1. Which aspartates and glutamates does Lys640 reach when only Cα atoms under 20 Å apart count, and residues fewer than 8 places away in its own chain are ignored?
2. Note down the net charge around Glu105, summing +1 for each Lys or Arg and -1 for each Asp or Glu among other residues with Cβ under 11 Å from its Cβ.
3. Report ³J(HN,Hα) in whole Hz for each residue of region 440-445, in order, from the Karplus equation J = 6.51 cos²θ - 1.76 cosθ + 1.60 where θ = phi - 60°; Gly and Pro get x.
4. What 222 nm value per residue comes from the helices of the chain, counting each DSSP H run with n ≥ 4 as -39,500 (n - 2.57) and dividing by all residues, nearest 500 deg cm²/dmol?
5. With just the Cα atoms defining each centre, how far is region 348-368 from region 189-268? Give it in Å.
6. In terms of modelled amide H atoms, which long-range or inter-chain residues lie less than 5 Å from the amide H of Ile229?
7. Hey, how many Å between the Cα centroid of region 138-166 and the Cα centroid of region 645-712?
8. Using θ = phi - 60° and the Karplus relation 6.51 cos²θ - 1.76 cosθ + 1.60, list the HN-Hα couplings for region 402-408 in order, rounded to whole Hz, with x at every Gly or Pro.
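Quick note: the coordinates plus some simple rules give every number you see, no bench work behind them. If you're wondering where the values come from, they're calculated on a predicted model, not measured in any experiment. As a convention, Cβ positions derive from the backbone with ideal geometry for all residues, glycine included, and neighbour counts pool all protein chains shown.
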Amino acid sequence: MHNTLKKVFGFQSFRPNQETIIRNILDKKDVFAVMPTGGGKSLCYQLPAKMMTGTTVVISPLISLMKDQVDAAIENGISAAFINSSLSTQEMSDIYHRLKNHTLELLYIAPERFAMQGFIETLKTIPLSLFAIDEAHCISEWGHDFRPDYLSLSGLTQTFPHIPVTAFTATATPRVQEDIINKIGLRSPYVIRASFNRQNLFYQVKSKIELESQILEFLKEHKDEPGIIYRTTRDSVFRLAEFLVDQGISALPYHAGLATEERKRNQEAFSRDKVTVIVATIAFGMGIDKSNVRFVIHADLPKNIEGYYQETGRSGRDGEPANCLLFFGRQDIPKIRYFIDQMPSENERSISMEKLNQTVKYASHNVCRRRQLLEYFGENYTNENCGACDICMGNVEKIDITTDAQIVMSAISRTGQHFGIRHIIDIVAGADTKRIRELQHNEIKTYGAGRHKEKKHWQFIINELLAQDAIVQDGGQYPVLILTKKGTDILYGKEKIEGLKREEIKKKPKAFKVSGFEPYDEVLFDRLRVLRKRLADEHRVPPYIIFSDMTLHEMCIYYPATLTDMKTISGVGDTKLERYGTDFTEEIKAHLDENPGISIPDRKPVTIPAGTLPKKVKVGTIEKTYDLFKEGLSIEEISKERNLAVSTITGHLENLIRNGRDIEIDRLVEPANRNTIEKLFLTLKTWNTGPVVEHSKGAVSYDEAKLVRAYVQRETNPA
Ligand code: ADP
Ligand code: MG
Ligand code: ZN
């Protein structure tokens, strides 16, 4: 395996989970894997395709993507082809010929082909090694991208009982997961849910003040970096693209209103580095495998966190640092609310409202952005400082805000929980408005209690209270503030509350540096990038397929000027070495000759694989909890014994469950409760514990919900 990884793909080490997945495939087991975008799913089936005898069949939904993937495989020296409606009869019969001659290692197929008469019969006559279903969520009506064509894959395992089947996706709620496994008929699959943490992405939110000049400023700082700017409407896409072009930026628009031809052309121009920036609606995305997207800007507030995560996820697939910047202005909220109000079903409206509130919280809350995203997906992120978001990189200080919180909540409570943010701030700040006089809110006790502080401060307090669930916003177009149980406890002095006060990052780092990423020779990078583009045009493939940015960066650190040195660079496999090695070593040699002062560092013996997760908690402490649990102690007893908080012990147990250790869940959560919780996760279509606890009406606790969640998501290996 490692040998193939090096020789074919040129990589020194596997990304998280790749190795286990491949081992299972080689053992001929079915696999179901949820891995984030950029997690390296393709390699999980391309590597076995190279190692096993017979053809690996990959089912993939988009024609454009298929072609790029096949090109990429061929560049790595894998014999690959695709079958879809774009082929001529002649091309098609060539491929069948190669299949019959057993000379194809990898075959990409569009799903609808499986519904065509005779196709399956033909396939049965060919020695196959593996089926890999990419974007497997497309088979589920519960997923966000259901494609009826995928249904022709139902029961694939029955039609081909002796061939292992694997399914990959970057999104799957528990319900979608179950649906995929059932529809395809996977046989006790090895299930893996990878972490959704994308370590190389820097998350940042800025106030939207003068959008166009703010974007321009960003682009000037990130000259020549390819990136996507998302906007909500076609019109704003069009206008922003025009503005940028006027300012001398290489940019093109993309939205569903453009003619198919133009859309295709613009997408290809972006993917082949012919244009640097694409301004787009969210119609742009699926079908973009471009690995060197260096930033994603959201110029408007996204509708929900899932979308935001998927869209930002399109940057930095190559594992190199990338920026995700959101411009947040409260003026965007009513626009989205307007669309929500048009929804016919009450249920849909309230779900969408909740999702909107979550994005507002994400943008306005002073809590690590990465933590918020991961917790949204039900992951427990325990790092104090992620090192790659504006909050963690800012100057953050924890302050006790209990007194100010009480002032605000007292104003909310004394006015009967019937008013929105602005009015409550007016009361606290002692404003003299018509509304206050009419309602005689100048007579309540809290009126003006906070007049010595700025309104901005009270907005901050309310944001914190919302973000920490001490208060919630309720009601459609004019939401009012309501206290939760937690809020009431704070109001009556039973609980304290802390806020994070931060100073804006004063000096923006030019390119953010995360540990594990080294500075490189930027002049050489520009040279190599030009060379890559020229070779890509000659070979008619997207530049990132020749070498990824990660590979070029590494060349710009170690200056490989001979083929032997070139071979040690990550991403340079045998085929690419042969095809492009000399072009690149020559360019590097020329650069070294012209710059005699350059000193070349020794290659470090091991490269740190991108995306390796830092150890979250000391292993020893978890093991101690494990031992005590196995001795029969309850959570409370372990907590006493170890003098650690109950929540800490619960966290340890969650961790152990996730890692597939033998923790008897029934000892922690009553079977009936577990059932209720699992059902609630499914029906509420969320991995958040909040709504589950709320809907259970007190029947289950947060800790129970967390433990069950870990249990459902655990790395199962039923065999
Ligand atoms: P996904 O389909 O999961 O979104 P891809 O399969 O497109 O991700 O892979 C994303 C990028 O990661 C590609 O550029 C690929 O070459 C690179 N990659 C995959 N595995 C490794 C690895 N083990 N080491 C370094 N880079 C890798
Ligand atoms: Mg993929
Ligand atoms: Zn952070």
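1. Once the sequence-local aspartates and glutamates are set aside, what remains near Lys640 is Glu623, Asp627, Glu631, Glu654, Asp703, Glu704.
2. Value of the local net charge: +2.
3. Ordered by residue, 3J(HN,Hα) equals 6, 7, 7, 9, 7, 5 Hz.
4. Working: 31 runs with 323 residues, N = 719.
Mean residue ellipticity, 222 nm, calculated: -13500 deg cm²/dmol.
5. Using only Cα atoms to place each centre, the spacing works out to 22 Å.
6. Ile278, Val279, Ala280, Ile297
7. Each part reduced to its Cα centre gives a spacing of 30 Å.
8. 4, 4, 5, 4, 5, 4, 4
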